[in-house]
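One structure is given below, encoded as structure tokens.
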Amino acid sequence: MTRPSALLLAEAQGAVSGMPNLLARLSEPDRARVLALGRPRTLERGEAVSGREITLAYWYPGNFVGGPEVFGGGTHVWSGIAARRSTVLALAGGELKRLIAQMPELGIGIIEGLVFKGKCYSALAQMLGTRSVTERLSLLLRSLCDLYGIEEEDGIFIGAAFTHEDLAHMVGATRQWVTMTLKRFQQQGVLRFKRGQLTILRPDLLEQAGGAGDDTR
């Protein structure tokens, strides 16, 4: 299966086009120069790049993390948490600004990253404002089926591990609410959640459930 560019909450995964690799436009010498000026950091699972309140998306290699103060001078309100052991490249705002003056393609990459994140936030705001939390969880589970689903005899196995807390951060709910709702879905025969492994047994019922549950959090 082709790896997605990002996992985010939207009406459909295709609603927000994929974020390009930030360094993809650069020549090999320019890429080497950017990497040489950056400071590599290794983050363990759960370690913060900075604080967080709600999960916007899960990013993958090549994606731009942080902002919107890409040149410094303010607070980075777009934060990040390592979902697994990861290596990131930190560039100081002043250094990045000087590099962009010399490498227009790097500037285009930054702009594309900001445009993509703007679309992500717009999609998230629309979901939070127009969909109940039950609908958002149902949509997220269906998106996980599309992105990570593995067809099995009794249903669609989600081939990626997400805790109840992970799901709660994606839909803007509490972990307790997600646990309660997944338990209800399991009692209804919609899915099976065991030892962190999620299998969607009835995708058709999951879609119906998205419009039926209450919005208690």
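The values are calculated or read from the model by the stated rules, or taken from the named source; none is laboratory data. Only a predicted model underlies this, so the values are computations on that prediction, with no experimental measurement involved. Here the Cβ is made from the backbone with ideal geometry for all residues, glycine too, and neighbour counts use every protein chain on show. Heavy atoms of the whole protein, side chains included, go into the accessibility calculation; ligands, DNA and RNA do not. Shrake-Rupley method; radii C 1.70, N 1.55, O 1.52, S 1.80 Å.
Could you pull the accessible area for Trp78 with a 1.4 Å probe, rounded to 10 Å²?
40 Å²
Starting from the Cα of Lys97, draw a straight line to each of the aspartates and glutamates and keep only those under 14 Å, dropping any in the same chain fewer than 8 residues away.
Straight-line reach from Lys97, under 14 Å: Glu69, Glu105.
Straight-line reach from Lys194: which lysines have Cα under 16 Å away, leaving out those fewer than 8 places along the same chain?
Qualifying lysines at Cα under 16 Å: Lys183.
Scan around Ile81 for amide H atoms under 5 Å from its own, H built in the peptide plane at 1.01 Å from N, and keep only partners 5 or more places away or cross-chain.
Residues meeting the amide H criterion: Val49.
For an R0 of 41 angstrom, estimate the FRET efficiency from the Cβ-Cβ distance between Glu47 and Met180 and round to the nearest 0.05.
Computed FRET efficiency for Glu47 and Met180 comes out at 0.90.
Determine how large the accessible area of Asp146 is when every protein chain is in place; take a 1.4 Å probe and give Å² rounded to the nearest 10.
Roll a 1.4 Å probe over it and Asp146 shows about 120 Å².
Just reorder Leu114, Leu147 by solvent-accessible area, largest first, 1.4 Å probe, all chains present.
Putting Leu114, Leu147 in descending order of accessible area: Leu114, Leu147.
Using DSSP to call loops (not H, G, I, E or B), can you name the GluC sites (Glu not before Pro) in region 130-182 whose Cβ has at most 11 other Cβ atoms within 10 angstrom?
For GluC sites (Glu not before Pro) across region 130-182 that sit outside H, G, I, E and B with at most 11 neighbouring Cβ atoms in 10 Å, the list reads Glu153.
Could you order Ile54, Ile100, Ile111 so the one with the most accessible surface comes first? Probe is 1.4 Å.
These residues rank, largest area first, as Ile111, Ile54, Ile100.
Please work out how much accessible surface Phe157 shows to a 1.4 Å probe, ignoring ligands, DNA and RNA, in Å² rounded to 10.
Ignoring ligands and nucleic acids, Phe157 comes out at about 40 Å².
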